[in-house]
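This report concerns only the one structure given below.
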Amino acid sequence: MREFYDFISRGEFRVPVCKQCRKKMWPPSEFCCDCFFETSLEKIETTGTLIEFTTSHILGREDLYGVVDMRGIKLIASLSGKLTPGMKVRMVTCGIRDDGCLYYHFDHA
Amino acid sequence: MPAREVAIAAYATTKFRRSSEKSLFESACEPCRNILAQDEIIRNEIDAVLFSTCAVEQYSSSIISEMLGLTPKISHRIDNLCNSGTNAIVCGFSYISSGLCDSVLVVGAEKINTTGGKLTWDITRGEYRFPVHWAALFANAHMRKYGTTQEQMAMVSVKNHSNAAKNPAALFGEAITYDQVLNSRRIVSPIKLLDCSSLCTGSSAILLVSDEKARRMSEKPIWVRGIGQQTTCASFSQAAEDLTSIRATKEAAAAAYSMAAIDPLSIDVVELHDAFTILEILAYEDLHFAKKGEGGKFVNQEELAVNPRGGLLGCGHPIGATGVAQAAEIAMQLDGRAGLRQVKGCKTGLVHNLAAAGTSATVLILGVD
């Protein structure tokens, strides 16, 4: 799924969608796990619901983070603002760090 | 019931350490030497050698076989992160149950610097790649929904370190206090340093045999009576349906109880996966020892012996060796040879292990007649 990485490296979050049944594949895949048809990357609405959050105190990784559910696309992201589980949040940035690690950041919707 | 019954005929676990000058292979051979030295006949009858590890070394199981002077029909490694050891036992069970083998040596070994400690392949975790990051989310969710407390989690660590103090193979040889846990360094809220197990170097082995061999070798065979294993997914995104329980554990437990034709009340002794204190609390509920939401209160019960060897918290966590060491402990308990930590009168024991945010889990039920 090199295209997924190409987009996210430019700060664009796109998700593979099955060309036949329209299932969204997450984590990204070049084929659908239901009908095994090819997928193509599409823009999606990057707002979601904050499921749970907490604070990391690990050196170099000291921040608020949590699980966000974007209508079935769940990921762990860094967060900002005053947080409550169940609140609506919006992806404000995403990308790839120098070490190859992907990142996602959400704030209030 | 399986086509052929399968028993644990021998077991051995080495002292778990921060590090060792021994190579991975030398470490793996250590418990095997103890087992093979017990019975000269067995050495010539090993049909399979299964090596559980997350290490990257190639052709490892065959190398270990050669070092031990064994020429098994089947020799391969099993890698499934923290669940590798229990997966290897399930594989060995299947080889014997199917009639393909009569004796299978299952060995697990890991070095502290294993690649299994950090999950770089799961992009749904973003920058939060350490296991403590997902465990903390589960802990927060359980606290929020059911009122589980940091004090209850601390009691898990106190109990398991206290048990480990009676286990010469454990990494940690001393009991710790409740205040030490609560005042230990914050890692990821609400998890503190002493809520976490430590990766370490260690090895463990068990010998699985067919029923005919088991009856020849022992007056009291330790039977593998139930197995449940479930893989629900690999990525955290798929595991995050409910952050207060682990579905793979629940499904594996249901299968294992069904195969053994027993219920949770029949279990006398348990080794369960406690890489973080919250995971022991979740396992109480998912294995049906406690009602949903009451795992925190279950910590102080004294009816069921949980993690008598010290669990992962007290023993350390040499990833590929852990599942094998858990089974070796339950076998030792049922054999009545657990010394200072012996659980009196135990006849049925349970092993629970899991991997990668609970995306796969295994439950084994062992018993003696």
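The values are calculated or read from the model by the stated rules, or taken from the named source; none is laboratory data. Bear in mind that the values here come from a model prediction, so they are computed numbers and not experimental data. Every residue, glycine as well, gets a Cβ built from its backbone with ideal geometry; the counts of neighbours run over all protein chains shown.
Laid out as a table, the results:
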read-out: Number of the condition not met by B:ALA248 [criteria: (1) surrounded by fewer than 24 Cβ atoms within 10 Å (Cβ to Cβ); (2) under 23 Å from B:THR362 (Cβ atoms)]; value: (1)
read-out: Residue match in region B:285-305 (condition: in contact with a Cys (Cβ under 9 Å, 6 or more places away or on another chain) and closer than 23 Å to B:SER258 by Cα); value: yes
read-out: Flag for B:THR231 being of a type outside the set (Gly, Ala, Ser), surrounded by fewer than 18 Cβ atoms within 10 Å (Cβ to Cβ), within 15 Å of B:THR362 (Cα to Cα) and in contact (Cβ under 8 Å) with a residue 24 or more places away in the chain; value: yes
read-out: Criterion: among the aromatic types (Phe, Trp, Tyr) and more than 10 Å from chain B (Cβ to nearest Cβ) - qualifying residue of A:PHE36, A:PHE53; value: A:PHE36
read-out: Inter-residue pairs, beta-carbon under 7 Å, first within 15 Å of B:ALA331 (Cβ to Cβ) and in region B:206-228, second among the hydroxyl-bearing types (Ser, Thr, Tyr), 6+ apart; value: B:ILE206/B:TYR11; B:LEU207/B:SER103; B:VAL209/B:SER103; B:GLY226/B:TYR257
read-out: Members of region B:187-221 that are within 14 Å of chain A (Cβ to nearest Cβ) and touching a Cys at 6+ places or on another chain (Cβ under 7 Å); value: B:ILE187
read-out: Condition broken by A:ASP98, with the remaining ones in (1) more than 10 Å from every other protein chain (Cβ to nearest Cβ); (2) surrounded by fewer than 20 Cβ atoms within 10 Å (Cβ to Cβ); (3) under 19 Å from B:ARG129 (Cα atoms); (4) at pLDDT 95 or above satisfied; value: (4)
read-out: Positions within region B:220-236 being of a type outside the set (Ser, Thr, Tyr) and not in a strand (DSSP E or B), in sequence order; value: B:LYS220, B:PRO221, B:CYS233, B:ALA234, B:PHE236
read-out: Test result for A:THR84, under 30 Å from B:PRO190 (Cα atoms), modelled with pLDDT of 95 or more, within 12 Å of another protein chain (Cβ to nearest Cβ) and not in a strand (DSSP E or B); value: yes
read-out: Criterion: β-branched (Val, Ile, Thr), surrounded by fewer than 22 Cβ atoms within 10 Å (Cβ to Cβ), modelled with pLDDT of 95 or more and over 20 Å from the mean Cα position of the chain (by Cα) - qualifying residue of B:ILE96, B:ILE74, B:ILE64, B:ILE46; value: B:ILE74
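Per-residue answers, yes or no, for (1) within 8 Å of chain A (Cβ to nearest Cβ); (2) assigned to a helix (DSSP H, G or I):
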position	(1), (2)
B:ARG129	yes, no
B:HIS133	yes, yes
B:ALA136	yes, yes
B:ALA141	yes, yes
B:ARG144	yes, yes
B:GLU151	no, yes
B:SER162	no, yes
